1. Under 16 Å from the Cα of residue 173, which lysines turn up, not counting those fewer than eight places away in the same chain?
2. Find how much the distance from residue 274 to residue 104 grows on full extension, using 0.36 nm per residue of separation minus their present alpha carbon separation; answer in nm with one decimal.
3. For the stretch 68-168, what is the percent of antiparallel DSSP beta bridges, rounded to the nearest 5?
4. Please list the radius of gyration and Dmax for the stretch 8-77, considering alpha-carbon atoms only, with Å as the unit.
5. Round to a whole number: what % of the accessible area of the chain belongs to carbon and sulfur, probe 1.4 Å?
6. Between 0 and 90 degrees, rounded to the nearest ten: what's the tilt of helix 331-341 against the longest Cα principal axis of the chain?
7. Rounded to a whole number, what is D in µm²/s for the stretch 202-360 from Stokes-Einstein with the Kirkwood radius over alpha-carbon pairs (37 °C, 0.692 mPa s)?
8. Would you mind putting 311-323, 260-272 in packing order, based on average other-beta-carbon counts within 10 Å, highest first?
Amino acid sequence: MLLSATNIVKAKLINLWVVFETIRMHGPIPRTQIAAATGLSKASVSNLVDELEGYDLVVAAKSRDRRVGKPPTPLTINPSGVFTIGFHFDYGRMISVVANLAGDVILREVVGIEQLSPSEVATLISSKVESLVTESKIDRARLLGVGVATPGPFGVEGISPPRLPGWDGLELKRRLADVLDLPVVLANDGQCAVTAEWRFGAARNLTNFVYVFIGNGLGSGVMIHSAAYGGGSGNAGEFGHLIVVPGGHACSCGNRGCLETYMSVDSALRYLASHGVAVESIEAFESDFSPSHPLVSQWLDEGVEPLRLGLHTLETLFDPETIMLGGDAPSWLIDEIMQRLGSLYPSVSGSRSEHPRLMSAGLDHDAVARGAAALPVLANLNPQYRELESELVSHMQRR
Ligand SMILES: [Zn+2]
């Protein structure tokens with residue numbers, strides 16, 4: 001094992017990130033207040049702000065201070081300093097968003113897809129990048145990179161996401177490297193959802209929380225000290241494969257009783273199919289069913305208790321400030337699950353009252369794509385995001 005000490009370059013990157021985030025969250029804010037908020041010296045803040053201004057990431061805002069003399073110049077982030085594109089790919093569809101540095105969605109597109117191999121999806125993404133740049137009229141030189149969210153796990157033989165046999169996001173990333181001349185950052189859907197809620201949603205003031213993602217499959221994103229936790233191979237939070245019913249339903253991973261076989265849209269559709277009701281897609285499930293449908297209700301009777309066990313495990317392992325429930329599943333289903341869960345098992349999270357132990361996600365179905373779009377910014381600026389490379393510097397210097 002290699003231990004790495006913080007060197008002066010890394011320390012500077014951390015400070016650069018801290019100053020950027022302070023301006024993002026509290027701007028317009030003058031240098032003196034940034035220094036007070038961060039504990040950095042005024043000279044350091046000035047240098048770091050100059051650097052961020054050099055990259056066009058922050059700009060001077062118009063001062064509202066009408067006093068005589070030279071007023072302090074407040075700074076804000078420059079939304080059009082860089083742009084990113086986020087893709088959320090899952091069975092049957094892909095959501096694309098073009099976002100600015102503030103995370104605002106400038107253009108959004110949803111396409112149904114039938115080509116499900118990594119090479120076909122890579123070709124599709126690569127042509128989408130060009131058409132989205134043209135349609136959104138952004139300056140391509142300011143396109144920092146592409147974030148891609150797909151269901152996990154990555155690089156694990158024998159485990160695939162529901163309805164995507166043999167799928168591996170890593171293979172997609174490799175293919176994208178061949179066809180795109182842009183940096184690509186990959187994360188699973190849960191990690192992107194937790195990132196989006198932390199940057200743009202209901203979890204802006206939280207630093208340690210878990211997002212449980214109910215979609216075709218079941219996943220989660222774990223935010224630890226303000227960074228999505230990837231684990232040893234980017235697969236942390238594959239919540240769906242937590243065994244909650246020993247000897248229970250057979251799972252595609254080869255085990256029995258995984259939570260995903262009880263609580264996911266795929267599990268609901270399988271339950272309906274086993275009772276003679278065929279449903280083609282999440283969209284059809286969303287529009288044609290409701291919690292009062294007898295088969296949906298029976299399926300929930302079976303699935304809610306395993307989920308309650310899973311949530312207890314998450315609280316026990318991570319001591320989160322809250323657990324957020326969301327995902328691609330119909331909102332009526334998430335609301336019903338929240339209601340049916342009612343009280344949770346006593347756990348380490350039980351004595352806190354600042355945040356509810358369980359809450360609904362704040363963002364809509366674009367959360368994953370928006371989180372994916374945030375990844376290139378984080379990978380460049382946030383030293384806590386594992387894929388940190390000094391791409392920003394080289395990208396900006398190339399311009
Ligand atoms: Zn499994």
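1. Excluding near neighbours in sequence, the set is 128.
2. Numbers: separation 170, 0.36 × 170 = 61.20 nm, distance 4.26 nm.
Taking 0.36 nm per residue and subtracting the Cα distance, the gain is 56.9 nm.
3. Values: 15 of 21 bridges.
Rounded to the nearest five, the antiparallel share is 70 percent.
4. 11.8, 40
5. Details: 9230 of 17660 Å².
Solvent-exposed carbon and sulfur of the chain make up 52 percent of the total.
6. For 331-341 against the chain, the angle is about 70 degrees.
7. Numbers: Rh = 16.1 Å.
Estimated via Stokes-Einstein, D reaches 203 µm²/s.
8. Working: 311-323: 18.4, 260-272: 24.0.
Top to bottom by mean Cβ count within 10 Å: 260-272, 311-323.
The values are calculated or read from the model by the stated rules, or taken from the named source; none is laboratory data. These figures come from a predicted structure and were not determined experimentally. Backbone-built Cβ (ideal geometry, glycine too); neighbour counts: all protein chains shown. Protein only, heavy atoms only, side chains kept; ligands, DNA and RNA dropped before computing areas. Shrake-Rupley method; radii C 1.70, N 1.55, O 1.52, S 1.80 Å.
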